[in-house]
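Presented below is the structure to which this report refers.
The values are calculated or read from the model by the stated rules, or taken from the named source; none is laboratory data. In this text, all values refer to a predicted model and were calculated from it rather than measured experimentally. Counting neighbours? That spans all protein chains shown, and the Cβs are built from the backbone with ideal geometry, glycine included. Protein only, heavy atoms only, side chains kept; ligands, DNA and RNA dropped before computing areas. Shrake-Rupley method; radii C 1.70, N 1.55, O 1.52, S 1.80 Å.
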Amino acid sequence: MSKLDNGRTKGYNIIMDFLSIQGYVIGIIIGVVAVQYAFALFCLLKLAYMDFDKRQYILWNIFILIVFFIGGAVFLVYYYKHPDKRVPKEPVAVQPDTQDDTQQDVAEESTAVASEREQDPEQENASEQDAKDDSDNE
């Protein structure tokens with residue numbers, strides 16, 4: 001190996017030139033990783049609502065995370081080709097069918113509260129006394 005002016009060999013300079021990465025390349029890599037992260041997160045959220053057994057779920061999870069972009073794209077194709085595997089969306093609470101049902105429920109609740117008051121008049125008087133005491137304290 002021949003020596004250069006600074007006392008280092010040509011091989012050393014070739015290795016250092018190969019390992020040094022330009023600033024814009026690092027920016028591009030960071031951008032690609034950030035986009036992959038967002039895309040994988042989107043795919044994993046879709047995966048969470050699929051009806052798979054544990055083994056399939058783990059395999060899809062690893063495939064989406066390890067294989068950049070292609071894994072997520074393949075999963076989305078599968079997701080839209082097989083809608084029967086999706087967990088059906090169910091309402092959180094049972095909603096009344098019509099407005100009349102809602103009014104009937106409110107009427108039933110108010111009659112239940114009124115019947116409780118009729119059964120225990122002492123409690124009603126005590127609550128009125130508490131309200132009066134609170135207004136006096138203010």
Handout entry: Of all residues making up the range 71-89, the number that are surrounded by 11 or more Cβ atoms within 10 Å (Cβ to Cβ) and part of a helix (DSSP H, G or I)
Key = 9
Fill in the blank from the handout: Residue pairs within 6 Å by beta carbon, gap of at least six or interchain, first lying in the range 70-84 and under 16 Å from Tyr37 (Cα atoms), second modelled with pLDDT of 90 or more and open to solvent by less than 30 Å² (accessible area, probe 1.4 Å), listed first then second, are Gly71/Ile64; Gly72/Ala40; Gly72/Cys43; Gly72/Ile64; Phe75/Cys43; Phe75/Ile64
Exercise for the section: Being modelled with pLDDT under 75 and either within 18 Å of the chain's Cα centre (by Cα) or open to solvent by less than 80 Å² (accessible area, probe 1.4 Å) (or both) is the filter here, so list the residues in the range 1-26 that pass it. Expected result: Ser2, Leu4, Gly7, Thr9, Gly11, Asn13, Ser20, Gly23
Exercise for the section: Being touching a residue at least 12 places away in the same chain (Cβ under 8 Å) and not in a helix (DSSP H, G or I) is the filter; apply it to the range 28-55 and report the residue that is farthest from Phe68 (Cα to Cα). Expected result: Asp51
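Taking the range 51-66 only, how many residues are open to solvent by less than 50 Å² (accessible area, probe 1.4 Å) and modelled with pLDDT of 90 or more? Steps first, answer last, please.
Start the filter on the range 51-66 by keeping residues that are open to solvent by less than 50 Å² (accessible area, probe 1.4 Å), which leaves 52, 60-61, 64.
In the following step, the residues that additionally are modelled with pLDDT of 90 or more were identified as 60-61, 64.
Qualifying residue count for the region: 3.
Out of curiosity, is Ile29 surrounded by 11 or more Cβ atoms within 10 Å (Cβ to Cβ) and either among the charged types (D, E, K, R) or modelled with pLDDT of 90 or more (or both)?
Numbers: surrounded by 11 or more Cβ atoms within 10 Å (Cβ to Cβ): yes; either among the charged types (D, E, K, R) or modelled with pLDDT of 90 or more (or both): no.
No.
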